[in-house]
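**Student:** Can you read through this structure? Questions will come right after.
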Amino acid sequence: QVQLVESGGGLVRTGGSLRLSCAASGRTISSYAMGWFRQTPNKEREFVADISRSGSSTSYADSVKGRFTLSRDNAKNTVYLQMNSLKPEDTAVYYCAADQNYYGSRWLTADYWGQGTQVTVSS
């Protein structure tokens, strides 16, 4: 199985930047499409971004397109989410996910999930 551990969350002012990391163990991430989701209290988890196994394809939610960038480093067994121009609406718990299939923006479920990291954007 795959274990995923997110890090890099924290408190940032509007317009600031954060970079989230997702470190995997148990399996090499080259076997999986990787993605990021986010969730606020009492709200359904929503798709943020994902990347294919080869890294040749990426998809982003409309709400983050142009501000967030997803990348993967298979040698380090880690994926990253660079978040720029952050808004209060980006405040959420961010979850890393892995799946054997690549769904693009239609990704709803995953084979594996991390525990999440909190991102808070103040006004």
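**Student:** Are any residues in segment 1-39 surrounded by 16 or more Cβ atoms within 10 Å (Cβ to Cβ) and at positive phi, and if so, which ones?
**Tutor:** The answer is 8, and nothing else.
**Student:** Every residue in segment 3-32 that is of a type in the set (A, V, I, L, M) and modelled with pLDDT of 95 or more, please.
**Tutor:** Scanning segment 3-32 gives 4, 5, 11, 12, 18, 20, 23, 24.
**Student:** From 118, 100, grab the single residue that is among the polar types (S, T, N, Q), open to solvent by 60 Å² or more (accessible area, probe 1.4 Å) and over 15 Å from residue 34 (Cα atoms).
**Tutor:** Going through 118, 100 in turn, just one is among the polar types (S, T, N, Q), open to solvent by 60 Å² or more (accessible area, probe 1.4 Å) and over 15 Å from residue 34 (Cα atoms): 118.
**Student:** I need the full set of residues from segment 40-89 which are in a strand (DSSP E or B), open to solvent by 60 Å² or more (accessible area, probe 1.4 Å) and more than 24 Å from residue 3 (Cβ to Cβ), in order please.
**Tutor:** 69
**Student:** Within segment 27-34, identify whether any single residue is aromatic (Phe, Trp, Tyr), out of contact with any strand residue (DSSP E or B) (no Cβ under 6 Å at 6 or more places or on another chain) and in a loop (DSSP other than H, G, I, E, B), and answer yes or no.
**Tutor:** Among the residues of segment 27-34, not one is aromatic (Phe, Trp, Tyr), out of contact with any strand residue (DSSP E or B) (no Cβ under 6 Å at 6 or more places or on another chain) and in a loop (DSSP other than H, G, I, E, B), which makes the answer no.
The values are calculated or read from the model by the stated rules, or taken from the named source; none is laboratory data. Everything numeric in this text was worked out from a predicted model, so none of it was measured. Backbone-built Cβ (ideal geometry, glycine too); neighbour counts: all protein chains shown. Ligands, DNA and RNA are excluded from the accessible area calculation, which covers all protein heavy atoms including side chains. Shrake-Rupley method; radii C 1.70, N 1.55, O 1.52, S 1.80 Å.
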